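Please treat every number below as a calculation from the coordinates, not as lab data. Computed from a predicted model, the values in this text were never measured in an experiment. Virtual Cβ from ideal backbone geometry, glycine too; neighbours counted across all protein chains shown.
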Amino acid sequence: MTQAFGARLQDAMTAHGPLCAGIDPHRSLVEAWGLSYDLAGLERFALTCVEAFAGRVAVVKPQSAFFEVFGSRGIAVLERVLDELRDAGTLTILDAKRGDIGSTMAAYAEAYLGPHAVAPPDALTVSPYLGYESLRPAIDLAQQTGRGLFVLALTSNPEGASVQHAVRDGESVAASVVHGAGVDNAAALDRGELGSVGLVIGATVGTAVADLGLDLVAAATPVLAPGFGAQGGTVASLAATFGPARGQVLASSSREILGAGPEPGRLVDRTERVRDAFGELAGRRRRHGIR
Ligand SMILES: O=C(O)c1cc(=O)[nH]c(=O)n1[C@@H]1O[C@H](COP(=O)(O)O)[C@@H](O)[C@H]1O
């Protein structure tokens, strides 16, 4: 793999628009699709999503938790999802939010980002709450294998602020995460590219990016923004939330799209409608010369 993740992501967002479609097989959704909530239902649900999303959106994000529910057989379905999307040429982010002391983090990195990973995604979500530097083995390995990370910075849940807005030595926890990612993305910034160390910032965080003085443009971070649709984030609020960094945002939506199934045609229509709403915003910005 030669091209860095950040550059591959930028190409995919240019080609397909800035939407990441989530595969989150909640029990309620699987049952609403008329499927049984068991391994066969999980597989049918997940592979229908793969059919609908592959080649249509920039990125697909399977949520590991919903596959882990079914043990090793559920993980095998997750691996098939990742393999099929890779074969279709669609980028994947595995949402597993890994984070541990450095020596254990090295094993997580090997599992998902290493050259011999069984079913590697293009990028992995990780948690920096054991300290940003505890992620070093994953950051280094991702760089070697052309893969990426999305580090939690400002999460979409209301409880997140109590940790992420906390200030120490004049700097918020979120700002220290942005700073760390910026240092790791410095070479990409020099090349005028997005870096491979992205951040997770929820679509629901209101004015927190500006309030905490987070300079996402200088950090060259792609921003995975979950929380659109089911959690209340809207296309219209994107510019206000992300300001000058809005061109770096990969908008993520799961339940809003998945609710359109099980009929594949309706799932495709909903996916394209949501994708085009974000794509149109990006297109308008480009036409007006706005970053
Ligand atoms: O890392 C994530 O993707 C994530 C971070 C965050 O702050 N909030 C958040 O909702 N997510 C994930 O994004 C998805 C949101 O799903 P919907 O609310 O159904 O669109 C879930 O898989 C969450 O685990």
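The table below gives the values:
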| read-out | value |
| --- | --- |
| Within-14-Å neighbourhood charge of Pro137 [Cβ basis; K, R +1; D, E -1] | -2 |
| Signed unit charges on C-beta, dipole axis of the chain, positive-most listed residue Val178, Ala107, Pro222 | Pro222 |
| DSSP-defined antiparallel bridges as percent of all bridges, the stretch 154-267, nearest 5 | 20 |
| For the chain: relative contact order, % (alpha-carbon pairs under 8 angstrom, 6 or more apart) | 20 |
| Test item: Cα-centred dipole of the chain, Lys/Arg +1 and Asp/Glu -1 on Cβ, debye | 660 |
| Debye equation applied to the C-alpha atoms of the stretch 5-284, log10 I(q)/I(0) at 0.11, 0.14 Å⁻¹ | -0.58, -0.97 |
| Cβ-Cβ FRET estimate between Ala240 and Arg136, R0 fixed at 51 Å, reported to 0.05 | 0.90 |
| Inter-part distance where the stretch 14-38 and the stretch 144-185 are each reduced to a Cα centre, Å | 27 |
| Taking the convex hull of Cα positions in the stretch 70-227, its mean projected area over all directions (nm²) | 10.1 |
| Normalised contact order of the stretch 130-193, rounded percent, pairs of Cα under 8 Å and 6 or more residues apart | 22 |
| Helix-only CD estimate at 222 nm, as mean residue ellipticity for the chain, using -39500 (n - 2.57) per DSSP H run (n ≥ 4) | -14000 deg cm²/dmol |
| Contour excess over end-to-end distance, with Cα ends at Ser103 and Asp83 and 0.36 nm allotted per residue | 4.4 nm |
| Burial ordering of Asp95, Asp276, fewest other beta-carbon atoms within 10 Å first | Asp276, Asp95 |
| For the stretch 5-284, with +1 on Lys and Arg beta carbons and -1 on Asp and Glu, the positive-most of Leu258, Pro244, Val197 along the dipole | Leu258 |
| Table column - 3J(HN,Hα) (Hz), the stretch 22-37, Karplus curve with 6.51, -1.76, 1.60, x for Gly and Pro | x, 10, 10, x, 4, 3, 4, 6, 4, 5, 5, 7, x, 9, 7, 7 |
| Per-residue ³J(HN,Hα) for the stretch 76-86, Karplus 6.51 cos²θ - 1.76 cosθ + 1.60, θ = phi - 60°, Hz, x for Gly and Pro | 5, 5, 4, 5, 5, 4, 5, 5, 5, 5, 4 |
